[in-house]
6 protein chains.
Amino acid sequence: MSEQTILVPNNSLITKTPEEGRQLAVKMARLTIKLTQPDAAIREKLRPVYAEDANMLISIGQTVAMEFATIAQANNHWK
Amino acid sequence: MSEQTILVPNNSLITKTPEEGRQLAVKMARLTIKLTQPDAAIREKLRPVYAEDANMLISIGQTVAMEFATIAQANNHWK
Amino acid sequence: MSEQTILVPNNSLITKTPEEGRQLAVKMARLTIKLTQPDAAIREKLRPVYAEDANMLISIGQTVAMEFATIAQANNHWK
Amino acid sequence: MSEQTILVPNNSLITKTPEEGRQLAVKMARLTIKLTQPDAAIREKLRPVYAEDANMLISIGQTVAMEFATIAQANNHWK
Amino acid sequence: MSEQTILVPNNSLITKTPEEGRQLAVKMARLTIKLTQPDAAIREKLRPVYAEDANMLISIGQTVAMEFATIAQANNHWK
Amino acid sequence: MSEQTILVPNNSLITKTPEEGRQLAVKMARLTIKLTQPDAAIREKLRPVYAEDANMLISIGQTVAMEFATIAQANNHWK
């Protein structure tokens, strides 16, 4: 585990817009994977595995939906 | 990854009706998959895979349910 | 994808009772599957697949639980 | 599908205690499965399948946790 | 099914501390499994199956996270 | 099961920043696994299994997202 990995970019859940909030959700999901598998070469090798697997693409979508729910709440849903 | 992919159509979670909120949930779920697999040809090839697989159809349903929960909250459940 | 598919019956999350809310959760879960697989013949072919598979029956149960959580919140849990 | 299946016993999410709320969560999870697979003989055949499969037992646990979250909220967590 | 199985220890979601709340989450997750598989001998046989399977260990972690979310809310997050 | 395993470090969900909240989410996810599989040697053996499996990396990401949702709520999303 690389304790150095930043897990929350800018150390904040607050974003200006829903679009930026969604990008943050994607980044946070990726940073957890980076923490769990710090070796960039292995992560690179796994990329085509999940990007061409319908099941994993769906699972990644669920992860982003979960992260986004928290970010949206933090931003009062940008209302 | 295509940084250009729009992740939240119209950059807003607010919709006029539950039906439109549900359509937004479906679109947002698809846009995450587009971001993860930007190659339209590969996505097209995967479509019949999940559309004829009972297990994946259920998983897609769960993703839409998750996205919709956040959108419904953003819209105060259209009350 | 059939853009014509209605995703939220009556375009409302409000129901008179928890029982009707639960029925709505089941319908909404099915309508997402109908949107993803608009061919009724294929859906019909898949029905016995998931209805006789313990794992998929459980997954369907989870989808309904998720949809119901949102509907219950929309109805202030019918309190 | 048996439209007759009751999905929410007593048509209410309100229970006197957490214990009764948890029992309701278990019942609601089972009633969704009954709705999806109305044939009691098939459900009976599937019971030993999931009751002796570690993975499915865990999935059932997740379903109950989801149902219970909604019931607990409906009861203001019995505070 | 053993109707006698207690599902919520002490019939309460309230705990003094987050640590005790987390222990309650673990217990509640286990009690659902006990309800679904009341035969202690079979449960004992399944233990090494999931305890040495990375995938199931992760799934158990998700179940505990779900139970804990509800317990934390019941305790106003011990603030 | 090792009853001694601490499940919530510092017995608190409160953290100074989102970054620390995310680190707590990761730790809590790992501690549940430690409780379920107390044998460090077996956990060590399982590490490369999930760290090189795209599907499990995604599942771990979902667990962290779930834990983080609760921690973020406990901290009022650090607003």
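Quick notes on this structure:
- Evaluating kT/(6 pi eta Rh) at 10 °C and 1.306 mPa s, with the Kirkwood radius of the protein assembly as shown over Cα pairs in the Stokes-Einstein relation, gives 70 µm² s⁻¹.
- Reported to the nearest whole Å, the Cα centre-to-centre distance from segment C:25-55 to segment B:1-60 is 19.
- Unsatisfied cross-links (Cα-Cα over 32 Å) in the set F:Lys16/F:Lys45; B:Lys16/F:Lys79; E:Lys27/F:Lys16: F:Lys16/F:Lys45
- For C:Lys34, net neighbour charge (Lys/Arg +1, Asp/Glu -1) across residues whose Cβ lies under 11 Å away: +2
- Exposure proxy shown here: for F:Met56, A:Met66, the number of other Cβ atoms within 10 Å sets the order, fewest to most, as F:Met56, A:Met66.
- With contacts taken as Cα pairs under 8 Å and at least 6 residues apart, segment B:9-79 reaches a relative contact order of 51 percent.
- Inter-chain Cβ neighbour average for residues B:13-22, partner chain, 10 Å: 5
- Scaled radius of gyration (Cα, divided by 2.2 N^0.38 Å) that chain E gives: 1.18
- DSSP-loop trypsin sites (Lys or Arg not before Pro) across segment A:13-56, with at most 12 other Cβ within 10 angstrom: A:Lys16
- Structure remark: mean-square fluctuation, Gaussian network model of chain F, C-alpha springs under 10 Å; the largest value among F:Ala54, F:Ala25, F:Ala65 belongs to F:Ala54.
- Residues of segment F:36-79 falling in the label zone of A:Ile14, defined by backbone nitrogen less than 20 Å from a point 7 Å along Cα to beta-carbon, are F:69, F:71-79.
Every number in this text was worked out from the coordinates using simple rules, so none of it is lab data. None of these values were measured; they are calculated from a predicted model. Counting neighbours? That spans all protein chains shown, and the Cβs are built from the backbone with ideal geometry, glycine included.
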